[in-house]
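Shown next, in structure tokens, is the structure this report addresses.
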């Protein structure tokens, strides 16, 4: 039996969710997803989540880029990005997100 | 490894997507042999109580379990620890620009081994990672947030 979890008044077949490497070929979908998730305008989403940015992330650290796909629809429904980062475990992290990531 | 950002489609909140993505992050950390994961968590619920408590008190309350924060509470549940607060971390109305530096230490980190730069295609083909109930993740999360 397929497990279902109620979310936002709908039932989701969570067994259909798969996590795959995020490729910049899906950047348009990822941009649309970011727009929905962050509740920003299409213009702002286009500026911040560009194909160029997704490509740069993939080229820099492909192992750290993942997306979640609902295999029943083929839709990208989640995304996570990581980057290599040297840090001192004993020192506070005080930099801004923009400075640490180079604006993404 | 630094959590740049994570986000989940609003219609899939609570469906385990965030947990599945975080699991992928943890597995990456193991595979590439990094010390741990660092992220700036956006305290999504702070704006609602900022007139009552400071960000420091809010975070202490979340750590103690006296408050639930959509992002930070879930990250702490997944094993992240709070390091410090970051004022003006990034522009975010919900957290009033506060970030909380969080750290998850990789229990499998082996300092005798260099970090692995590239993983094999077979790892990428591993496929399904998660489908359990739960939360968001670490990184600069949006509807998620770190």
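What follows is calculated from the coordinates using simple rules that are stated; it is not laboratory data. As the structure is a prediction and not an experimental result, all values here were calculated from the model. All Cβ positions, glycine included, derive from the backbone under ideal geometry; neighbour counts span all protein chains shown.
Dividing the Cα radius of gyration by the Kirkwood radius, what Rg/Rh value follows for chain A?
Details: Rg = 16.1 Å, Rh = 15.5 Å.
Computed over Cα atoms, the ratio is 1.04.
Assuming R0 = 45 Å, what is the FRET efficiency of residue A:86 and residue A:15, from their Cβ-Cβ distance, to the nearest 0.05?
Details: r = 39 Å, r/R0 = 0.86.
Calculated transfer efficiency: 0.70.
Run the simple label-point estimate for residue B:109 and residue A:48 please: 7 Å along Cα→C-beta, distance reported in nm.
That separation, rounded to one decimal, is 2.9 nm.
Report, in degrees rounded to the nearest 10, the 0 to 90 angle that the Cα long axis of helix A:51-60 makes with the longest principal axis of chain A.
Taking the Cα atoms of chain A, the angle to A:51-60 is about 70 degrees.
Quick one: what Rg and Dmax do you get for the range B:2-111 from the alpha carbons, in Å?
Just the Cα atoms of the range B:2-111 yield Rg and Dmax of 14.3, 45 Å.
Can you give the Kirkwood hydrodynamic radius of the range A:23-83 from its Cα pairs, in Å with one decimal? Don't skip to the answer; put the middle values down first.
Details: mean 1/r = 0.0852 Å⁻¹.
Computed over Cα pairs of the range A:23-83, the Kirkwood hydrodynamic radius comes out at 11.7 Å.
Need one number: nm distance between label points at residue A:28 and residue A:75, each 7 Å from Cα along Cα→Cβ, rounded to one decimal.
1.7 nm
At a Förster distance of 30 Å, what's the computed FRET efficiency of residue B:33 paired with residue B:61, Cβ-Cβ distance as r, to 0.05? Mind showing how you got there, number by number?
Details: r = 35 Å, r/R0 = 1.18.
Using R0 = 30 Å, I get an efficiency of 0.25.
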